[in-house]
Each structure stands twice: as C-alpha cells, then as structure tokens.
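Student: I am attaching a structure below and will ask some questions about it afterwards.
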Amino acid sequence: MADLILTTYDWVPELPRGSVRDLRIRWALEEAGLPYRVESTSFNERTPEHFAHQPFGQVPWLTDGDLSMFESGAILLYLGQQSEALMPSDPRGRSEVMEWLFAALNSVEMASLPWSIFMFAGDTTETPGRKRLDQFLKARLRHMEAVLAGREWLARTFSVADIAMADVLRLVDRFDGLAAYPACREYVARATARPSFVKAHADQMAHFAAADPA
Ligand SMILES: N[C@@H](CCC(=O)N[C@@H](CS)C(=O)NCC(=O)O)C(=O)O
C-alpha cells in the first residue's frame, strides 16, 4: 500500500471540478512517478477529523506515514524534496524553484484568486474596487508575460514552481483573462499538455463524477 495518501472532497459541484487544488498534488505525484492513493473527506459535512488535518476545513492534505500536511504550496515543496523531477537538489536550483513557487502563490494567485471569484459568480459590475482588482491582476500578468516570453519553464527545468504557476494562470485562462498575454497562454498550454497533468485532471474529474447521484 502506498504511504502517500492525498485527501480531497468526496464530491464537489460541477463548477470547481478540474480546479480543486488536489490537482496540483496529483500532478506532482504523477510527474515524479511516486506511488500514492486518494482518499475522500465529506464536502457537505466538515468533521473534527477534517479540521485536525486542515484547520480551514479545506482540501487538499497529504499524509506520509504519520506526517500530515496541508497547504498545496507546502505539499509541493515537500514532494519537491523527494524527487529531482520536481525540484533540483543543488542550492541554486532549489532556491530558483522556491522563489517562483512563492511568487505563483503570493504574487500572482493573490491577485488572480479574488478576480476569479468575481468571474465564477458572473459578476462583471464595474465598481471602483473591481477596477482596482483588474489593474492589480493586469500588473502581475504584464510582468509574467515578460518573464515567460524568454523561457520555457520558470527555473532551469520543469518543477513544482511550474505546477503552481501554470495552475494559477490556468484559472485566469478559463475566464479568458490571458487573451492579451500570449506567452502566458502558451506556457499554460505547454504545461497542461504534459501527460502528468492530463492524467491528474482526468483522475480528478472521474473522482468527483463517480460520486454524482445516479
Ligand atoms: N491555500 C490553500 C487553499 C485551499 C483551498 O482553497 N481549497 C478549496 C478547494 S480548491 C476548498 O477546500 N474550498 C472549500 C472551502 O473553502 O470551504 C491551499 O492551497 O491548499
């Protein structure tokens, strides 16, 4: 039996399927060829056991024997330390991956997530706050466009930083927010064409579909 156990919800509504963050972890596990299995926790009832693993009642979390870890970025770093396919072991290579992993979550997703919450809700009302949010995201995308125009992956080779960044940008692309940023779009297409992503995505879709009422 695999020691690595990834926990996600047993079911989610249609809208977030394909974007639930267990996908980042599935993607990394597939990329590294690490054996793992997936377990479910109830979406409708957040139990005390759920909060013991994830204090916000969210998913994903990963257990490795008696170690339990939440936050997709932390889990990606943990897995990165276990496979050169996810993060190089030399100090320079490792620091490049770490800085871009944090940039994905703390500089880009920080702007893209509030934006996508409005998009998920279908709210395009031009309020002053919304305008500021659009500008905030555009500024981040403009800089990412310049970076990605000059390189294939964020660090020397494909890494957990790309898993995080491509997943963050993928959600923006879902709402056509990358239309003016061709290098970002090509990067997302390049990353999501990897067999590891294709399998991770299909597995997540199948996992939630299996729990749909017949
Ligand atoms: N920062 C956390 C965010 C986790 C998160 O937002 N999980 C979502 C699914 S993608 C969730 O559980 N949403 C349900 C909720 O917040 O109640 C991470 O990256 O792991």
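The values are calculated or read from the model by the stated rules, or taken from the named source; none is laboratory data. The shown structure was predicted, so the numbers you read here are calculated from the model rather than taken from an experiment. As a convention, Cβ positions derive from the backbone with ideal geometry for all residues, glycine included, and neighbour counts pool all protein chains shown.
Student: Does PHE102 fit the bill of being within 16 Å of the ligand (Cβ to nearest atom), touching a residue at least 40 places away in the same chain (Cβ under 8 Å), in the same structural domain as LEU169 (by TED's automatic domain parsing) and surrounded by fewer than 17 Cβ atoms within 10 Å (Cβ to Cβ)?
Tutor: Details: within 16 Å of the ligand (Cβ to nearest atom): yes; touching a residue at least 40 places away in the same chain (Cβ under 8 Å): no; in the same structural domain as LEU169 (by TED's automatic domain parsing): yes; surrounded by fewer than 17 Cβ atoms within 10 Å (Cβ to Cβ): yes.
Criteria not met by PHE102.
Student: So, one more: Regarding GLU126, is this residue outside any loop (DSSP other than H, G, I, E, B) and of a type outside the set (Lys, Arg)? Before the answer, list the steps.
Tutor: Details: outside any loop (DSSP other than H, G, I, E, B): no; of a type outside the set (Lys, Arg): yes.
In short, no.
Student: Count, please, the residues in the range 176-214 that happen to be among the polar types (S, T, N, Q) and in contact with a helix residue (DSSP H, G or I) (Cβ under 6 Å, 6 or more places away or on another chain). Even if it seems obvious, please write down each step before you answer.
Tutor: Our first condition is that a residue be among the polar types (S, T, N, Q); within the range 176-214, this holds for 192, 196, 204.
Narrowing further to those that are in contact with a helix residue (DSSP H, G or I) (Cβ under 6 Å, 6 or more places away or on another chain): 196, 204.
Number satisfying all stated conditions: 2.
Condition check ((1) among the small types (Gly, Ala, Ser); (2) in contact (Cβ under 8 Å) with a residue 40 or more places away in the chain; (3) out of contact with any Asp or Glu (no Cβ under 6 Å at 6 or more places or on another chain); (4) part of a helix (DSSP H, G or I)) across all residues:
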{"site": "THR7", "(1), (2), (3), (4)": "no, yes, no, no"}
{"site": "SER19", "(1), (2), (3), (4)": "yes, yes, yes, no"}
{"site": "ARG24", "(1), (2), (3), (4)": "no, yes, no, yes"}
{"site": "LEU34", "(1), (2), (3), (4)": "no, yes, yes, no"}
{"site": "THR63", "(1), (2), (3), (4)": "no, yes, yes, no"}
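Student: Still on this model: Go through (1) touching a helix residue (DSSP H, G or I) at 6+ places or on another chain (Cβ under 8 Å); (2) within 13 Å of the ligand (Cβ to nearest atom) for LEU79 and report which single condition fails.
Tutor: It fails just one condition, (2).
Student: Further question: For the range 88-122, what are the residues that are touching a helix residue (DSSP H, G or I) at 6+ places or on another chain (Cβ under 8 Å) and outside any helix (DSSP H, G or I)?
Tutor: PRO88
Student: Another question, if that's okay. Surrounded by 15 or more Cβ atoms within 10 Å (Cβ to Cβ) and either of a type in the set (Ser, Thr, Tyr) or within 11 Å of ALA28 (Cα to Cα) (or both): is that true of MET87 in this structure? Break it down stepwise before answering.
Tutor: On the way: surrounded by 15 or more Cβ atoms within 10 Å (Cβ to Cβ): yes; either of a type in the set (Ser, Thr, Tyr) or within 11 Å of ALA28 (Cα to Cα) (or both): yes.
When the stated conditions are applied, MET87 passes them.
Student: Quick one: which residue in SER68, SER95, SER42, SER72 is away from the ligand (no atom under 16 Å from the Cβ) and at negative phi? First the steps, then the outcome.
Tutor: Working: SER68 fails: away from the ligand (no atom under 16 Å from the Cβ); SER42 fails: away from the ligand (no atom under 16 Å from the Cβ); SER72 fails: away from the ligand (no atom under 16 Å from the Cβ).
Only one candidate passes the filter, namely SER95.
Student: Confirm whether GLU30 is modelled with pLDDT of 95 or more, among the acidic types (Asp, Glu), under 21 Å from LEU76 (Cβ atoms) and touching a strand residue (DSSP E or B) at 6+ places or on another chain (Cβ under 7 Å). Working first, answer last.
Tutor: Numbers: modelled with pLDDT of 95 or more: yes; among the acidic types (Asp, Glu): yes; under 21 Å from LEU76 (Cβ atoms): yes; touching a strand residue (DSSP E or B) at 6+ places or on another chain (Cβ under 7 Å): no.
Criteria not met by GLU30.
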